[in-house]
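Data first, discussion second: the structure below is written as structure tokens.
Rule-based calculations on the coordinates, nothing more; no lab input. All values reported here derive from a predicted model rather than from experimental measurement. So basically every Cβ, Gly included, is an ideal-geometry build from the backbone, and we count neighbours across all protein chains shown.
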Amino acid sequence: MIALLYRQEIEPSDLGAILNIVQSSGFFSAVEVELACELATDRLENGQQSSYQFLFAENQGQVVGYTCYGLIPATAASYDLYWIAVSEASRGKKLGTMLLQKTEELIRDADGKRLYAETSSRSQYASTQRFYQNCGYIAEATLKDFYAPGDSKIIYSKVLK
């Protein structure tokens with residue numbers, strides 16, 4: 001197992017790390033990669049006023065994975081998981097599971113009660129769907145043809161106890 005350090009504060013150098021991690025997956029379109037960077041830029045520019053929160057996992061001073069999450073506006077205690085991504089070299093080592101568990105802990109500590117995550121229904125995302133299910137998430141809804149014809153959005157949720 002790798003020795004990880006976690007931190008929540010975003011640093012300017014994290015923009016490059018986020019870009020590399022998200023691009024390395026091969027899953028995300030150029031628009032999605034740009035969005036990941038925009039959320040990080042929002043947090044950098046607006047600090048605590050930003051609705052986007054981050055958790056970074058570092059190994060030997062290098063960011064190897066991160067989550068981006070936030071309280072859903074107009075809810076009392078529901079959070080969205082906007083991003084969870086792990087560097088290509090760190091995949092298959094349970095880092096995603098550890099990051100998600102640590103993110104859930106941070107949300108519980110903030111009195112969060114539910115965490116929602118979404119993914120595509122495309123076969124390319126079958127491992128992502130299994131990941132959420134293995135982490136105790138339940139498929140709450142499927143929005144047919146949400147992203148494109150034949151590409152539905154699956155919304156998962158977990159009650160945080």
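Which value, in debye to the nearest 20, describes the size of the charge dipole of the chain about its Cα centre when Lys and Arg Cβ atoms bear +1, Asp and Glu Cβ atoms bear -1, and nothing else is charged?
It comes to approximately 740 debye.
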List, largest first, the extents of the alpha carbons of segment 65-155 along their principal axes, each in whole Å. 38, 37, 19
Any idea how far apart residue 123 and residue 8 come out in nm if each label point goes 7 Å out from Cα toward Cβ? 4.2
Could you tally up the Lys pairs in the chain with alpha carbons closer than 15 Å? Skip any pair fewer than 8 positions apart unless they're on separate chains. 7
Could you give the nm distance between label points at residue 144 and residue 29, where each point is 7 Å from its Cα heading toward the beta carbon? 2.1
Neighbours of residue 13 by Cβ distance under 13 Å: Lys/Arg at +1, Asp/Glu at -1, summed charge -3
Calculate, in nm to one decimal, what residue 97 and residue 133 gain on full extension: separation in residues at 0.36 nm each, minus their alpha carbon distance. 11.8 nm
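Give me the orientation-averaged projected area of the Cα convex hull of the chain, in nm², one decimal.
That works out to 9.4 nm², a quarter of the Cα hull's surface.
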